[in-house]
Amino acid sequence: MLYFSLSSVRRTSTKPKAIPITQKQYSDSTYTAWVSGYMPSLDSISIYPRREIITITNTIRKKPKRWGIGVNAGYGITPKEGIQPYFGVGINYNLFTF
């Protein structure tokens, strides 16, 4: 049990005093915060994540075809007649493509 003597109690004015209670909003593109009170403290905060759209474009090229069928011209070797001109259709292997 606690006892107080009346001689130790001081009387003060009974006029009501205004206590400054404030509420403020702080915001940015990444957050919104609410702060309020006599000694301000954080009430709530909303955080907005940054969104970044990255577009990557790759050009996919097919490997050039090495083998094919085409018109040929050149010299050919035959067992009976030796070397003679040749024109015809044949199977090709492309060493260079341009």
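Can you report the number of residues in segment 47-66 which are surrounded by 10 or more Cβ atoms within 10 Å (Cβ to Cβ) and under 30 Å from N94 (Cβ atoms)?
So the count comes out to 1.
Do you know which of the residues in segment 41-64 that are in a strand (DSSP E or B) and of a type in the set (S, T, N, Q) is farthest from K24 (Cα to Cα)?
S46
Each reported figure results from applying straightforward, stated rules to the coordinates on display, with no laboratory input. Because the structure is a prediction, the values reported are computed rather than measured. Ideal geometry is used to build each Cβ from the backbone, glycine not excepted, and the neighbour counts take in all protein chains shown.
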